[in-house]
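To start, the structure itself, in structure tokens.
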Amino acid sequence: MKHPAIADLALYGSGDLGWLRRLVIGRHVRRCGTCLAEVDAFASAGRQMRDAALEFPEELHWSRLAAEMKANIRLALAAGEIAGPVEEPPASWLSGWRPAAALASFTLVIASAWLLLRPLPQATAIAQDLVLKTTASGIQLEENGRSLALLHRDAETVTLAVGAQGSLRARYLDEETGEVTIHHVYAE
Amino acid sequence: MSTPSKFALLLLAVSAAWAQAPARSSIKVNLPPDAPISLLEADWGESSASERGSALVLNLHTSLSLRNSGQRRIRGITWMVLSQEVTPGGRASVTKPSLDIGPNETFPVRLDLRLLRPLGPAAAGPLVEVSLDGILFEDLSFYGPNKLDSRRVMMALELEARRDRRYFQQVLAAQGIEGLKRECAASLARQAETPRLDVQLARGRSTAAESERRVQFAFLQFPGAPVELVSGVADVSGPEARAPRLEVLNRTNRAVKHLEIGWILRDARGREFSAGSIPAKASVAPGRKSDVLGDTSLRFAEPKGAALAIDAITGFVSQVEFADGSLWIPTRDALADPRLQRTLAPSAEEQRLTSIYRRKGPAALVDELKKFQ
């Protein structure tokens, strides 16, 4: 007889299996004494752990802990009396109508910024299969999830030019050699 | 050691070996047998491969060591980069302009690529093929298959380089080293302040989520430009400009075969950005008009990610190639227009020369200028 994996038996014992798997494993466990014993052992261990977590440690002396807590509270009250009468704090800036006004102004600023700075509606779904574009590190042509990019490494100044008939050009200066390189990608 | 630990160690070793392995077999360098350069060495140093989700990421970093095996000085070189398995419809290129490589001299070309493709069996053969597309020499002669129109691109860069070197030499002759320092400082300040845009370009129509409007181009006309911009429109929707269409007039008695129209975008806050150009293979007969069309959607954003609300577009002719292969580029006087000074990046050569000044000082720049006199 082929037995289920031990991990499945553990999950079955703790009731964490999905319904279909639970059905299959349950059918086997009802007919197999060995696996039933494993499931009982896992379930028993789980119960013991849960019970143990609810009990205080044996070495904890509850009465001593309560006495320490009372002493700390008295100490805090005494310190408060030495410091003098408690002054009523001034009306908080956060009380009354002010928070609502501030929140409204903040929302207005955020909304205005979003309206002014949002990317304009993208003219997406371009009916084409090949796209030329600039990226942070170079210029690239993309086609059906594939791409070829020419990279301008460590270039400080990159001059871009687009050819409206289907090309993109990046000119950059190699800071090491002082030489100019021109990259071109074409969709023509 | 336990069995799982041994297995994990074995996996680690295999993946580390695999991560180091891809470079050499992933790139193939093609050089025609009669090429006036030879490949001495390819260093694959920091190349690596890794999995990201369900994709394979290949970072290929190589430095090709090349020798000028011809008799002419090399001024520019372009390599074509193809990855048929990763992006069958796309091509890329790496161009090194403003070179000065004499016969038998060696020079490096760095290639830094990143490929991303779904995990799975790779096709037979290299992932990337790097092929020589063209070499431009000191006498403006050209070698190579020119599949990417490298001749025109490198010729324009070389003409710009000559124009700007001549300008700096004139400043040095007329105002001395102090004048040269002032000129470099002003150029570096402009370079630092030139606004930059991020861009995404896609072919074909877009289904814009907001209403589209037609924006008329304004024009900056340069005196002496061989081509005049007559009219132009683009469909604009928020940060996206689509299908620019321009009408141009050939003012000369020579046929034009290619032209580039630079454009400057103004956003809703009045800020202006250089947005590149509309290069167009356009056959324009002498004295005739022709249309220049772009069938693409361009979406612009500031580098911080905020989309640009396009309000107006200004166009100017930035390059003209005639049927006989000669080229026209704007003069420095034409580019002194304040709007262009604010928005347009300097030429590659001006960037290189001012970089020499910044890194090595005015004496090194004077030496560099003298090399080309």
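The values are calculated or read from the model by the stated rules, or taken from the named source; none is laboratory data. Every value quoted in this text rests on a predicted model; they were computed, and no experiment measured them. Quick reminder, even Gly has a Cβ in these numbers, built from the backbone with ideal geometry, and neighbours come from all protein chains shown.
Among what's in the stretch B:49-76 and is in contact (Cβ under 8 Å) with a residue 60 or more places away in the chain and within 11 Å of chain A (Cβ to nearest Cβ), pick the residue that is farthest from the chain's Cα centre (by Cα).
B:Ser54
Look at the stretch B:245-259 and say how many of its residues are under 25 Å from the mean Cα position of the chain (by Cα) and either more than 10 Å from every other protein chain (Cβ to nearest Cβ) or free of Cβ contacts under 8 Å to residues at least 60 places away in the same chain (or both).
Step one: list which residues in the stretch B:245-259 are under 25 Å from the mean Cα position of the chain (by Cα), which gives B:245-246, B:248, B:256-259.
Right, trim to either more than 10 Å from every other protein chain (Cβ to nearest Cβ) or free of Cβ contacts under 8 Å to residues at least 60 places away in the same chain (or both) and you get B:245, B:248, B:256-259.
Result for the stretch B:245-259: 6.
Quick one: A:Leu150 ticks every box in (1) within 37 Å of the chain's Cα centre (by Cα); (2) more than 7 Å from every other protein chain (Cβ to nearest Cβ) bar one, so which box is it?
Only one criterion in (1) within 37 Å of the chain's Cα centre (by Cα); (2) more than 7 Å from every other protein chain (Cβ to nearest Cβ) is unmet by A:Leu150, namely (2).
Just checking, which of B:Gly125, B:Gly179 is more than 20 Å from the chain's Cα centre (by Cα) and assigned to a loop (DSSP other than H, G, I, E, B)?
Numbers: B:Gly179 fails: assigned to a loop (DSSP other than H, G, I, E, B).
Of B:Gly125, B:Gly179, the one residue that is more than 20 Å from the chain's Cα centre (by Cα) and assigned to a loop (DSSP other than H, G, I, E, B) is B:Gly125.
Starting from residues that are modelled with pLDDT of 90 or more and charged (D, E, K, R), keep the ones in the stretch B:43-102 and report whichever is farthest from B:Asp149 (Cα to Cα).
The residue in question is B:Arg67.
Counting just the residues of the stretch B:260-273 that are surrounded by 23 or more Cβ atoms within 10 Å (Cβ to Cβ) and farther than 16 Å from B:Leu327 by Cα, which one comes out farthest from the chain's Cα centre (by Cα)?
B:Leu265
Taking the stretch A:178-188 only, how many residues are more than 7 Å from chain B (Cβ to nearest Cβ) and modelled with pLDDT of 80 or more? Step through it out loud before you land on a result.
So in the stretch A:178-188, the residues more than 7 Å from chain B (Cβ to nearest Cβ) come out as A:188.
Checking the rest, the ones that are also modelled with pLDDT of 80 or more come to none.
Number satisfying all stated conditions: 0.
Would you be able to tell me the number of residues in the stretch B:212-244 that are more than 10 Å from chain A (Cβ to nearest Cβ) and part of a loop (DSSP other than H, G, I, E, B)?
Number satisfying all stated conditions: 7.
Is it the case that the stretch B:357-368 has a residue that's within 13 Å of another protein chain (Cβ to nearest Cβ), farther than 14 Å from A:Gly178 by Cα and surrounded by 21 or more Cβ atoms within 10 Å (Cβ to Cβ)?
No.
Of (1) assigned to a strand (DSSP E or B); (2) under 11 Å from B:Leu116 (Cβ atoms); (3) in contact with a Lys or Arg (Cβ under 7 Å, 6 or more places away or on another chain), B:Val86 satisfies all except one. Which?
(1)
I'd like to know if the stretch A:136-151 contains one or more residues that are free of Cβ contacts under 8 Å to residues at least 12 places away in the same chain, assigned to a strand (DSSP E or B) and among the β-branched types (Val, Ile, Thr).
In the first step, residues of the stretch A:136-151 are kept if they are free of Cβ contacts under 8 Å to residues at least 12 places away in the same chain; the result is A:136, A:145-147.
Narrowing further to those that are assigned to a strand (DSSP E or B): A:146-147.
So of that shortlist, the ones also among the β-branched types (Val, Ile, Thr) come out as none.
No, every residue in the stretch A:136-151 fails to be free of Cβ contacts under 8 Å to residues at least 12 places away in the same chain, assigned to a strand (DSSP E or B) and among the β-branched types (Val, Ile, Thr).
Kindly indicate which of B:Leu340, B:Leu353 is within 30 Å of B:Thr252 (Cβ to Cβ), in contact with a Leu (Cβ under 9 Å, 6 or more places away or on another chain) and of a type outside the set (Phe, Trp, Tyr).
Details: B:Leu353 fails: within 30 Å of B:Thr252 (Cβ to Cβ).
Of the residues listed, the single one that is within 30 Å of B:Thr252 (Cβ to Cβ), in contact with a Leu (Cβ under 9 Å, 6 or more places away or on another chain) and of a type outside the set (Phe, Trp, Tyr) is B:Leu340.
Here are some residues: B:Asp139, B:Asp164. Which one is over 30 Å from B:Ser290 (Cα atoms) and touching a Ser or Thr at 6+ places or on another chain (Cβ under 6 Å)? First the steps, then the outcome.
On the way: B:Asp139 fails: touching a Ser or Thr at 6+ places or on another chain (Cβ under 6 Å).
So the residue among B:Asp139, B:Asp164 that is over 30 Å from B:Ser290 (Cα atoms) and touching a Ser or Thr at 6+ places or on another chain (Cβ under 6 Å) is B:Asp164.
Being assigned by TED's automatic domain parsing to the domain that holds B:Ser54, hydroxyl-bearing (Ser, Thr, Tyr) and surrounded by fewer than 22 Cβ atoms within 10 Å (Cβ to Cβ) is true for just one of B:Ser131, B:Ser93. Which residue is that?
Working: B:Ser93 fails: surrounded by fewer than 22 Cβ atoms within 10 Å (Cβ to Cβ).
Result of the check over B:Ser131, B:Ser93: B:Ser131.
Can you go through B:Pro286, B:Pro330, B:Pro338 and tell me which one is more than 22 Å from B:Val215 (Cα to Cα), free of Cβ contacts under 8 Å to residues at least 12 places away in the same chain and more than 9 Å from chain A (Cβ to nearest Cβ)?
One residue alone meets the criteria, B:Pro338.
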